[in-house]
Amino acid sequence: MASTRLVSVIGRKNAGKTTLSVALVAEYRRRGLRVMTIKHGHHLADVDRAGTDSWRHFHEGGAERVLLAAPGLRVLFAREPDEYDPIGLARRYLDGADLVLAEGYKRAPVPKIEVARPSVSGPPLYDPTAPNAGEWLAIVTDDSDLRAPCPTLRFHDTNWLQVLATLAWNGALEIAP
């Protein structure tokens, strides 16, 4: 079995991380790849509604895990310690992916694509003097003046998404099962 590749999409709040992640998933799917994602959040997600059967199993009954199985969809609710490790999460939950896109995880030691839109969200996170500066595979921006040692793509560039997808695939971390 081939190894899974992993890359993180990072950026400041409202820079467009989710929009870029969705576009990359669609591009990789167009290429025939199995793509899975991890969304890192700083706040507890409210994905189950009070009073539903699954909510009652998990919250009232205290089940450790509840798997909600519906036609064509599975949702797992699990009580687990917070884990800031996209590699471990991909190994545990996303078996069989050709590529895992982890949205967030800017401090994790994984290859990164940064969405930098200074007009909307402030300066880029990229710091060429930081010890992890080599983790940046590319920066995608709408700032025509932004320069960095890594490839810098602009949203108005022709084929920027296809170029980015290839850069990310080639630079992604390969993780063994």
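The spread of Cα positions in region 1-92, taken along each principal axis and listed from longest to shortest, comes to 42, 34, 24 Å. Ordering of 160-169, 123-132, 73-82 by packing is 160-169, 123-132, 73-82, highest average first (other Cβ atoms within 10 Å, averaged per residue). Relative to its Kirkwood radius, the Cα radius of gyration of the chain gives an Rg/Rh of 1.01.
The alpha carbons of region 85-142 give a radius of gyration and a Dmax of 13.2, 39 Å, in that order.
Just so you know, all these numbers are worked out from the coordinates, no wet-lab data involved. Treat the numbers as computed from the prediction; the structure is a model and nothing was measured. Cβ: placed from backbone, ideal geometry, glycine included. Neighbour counts: every protein chain shown.
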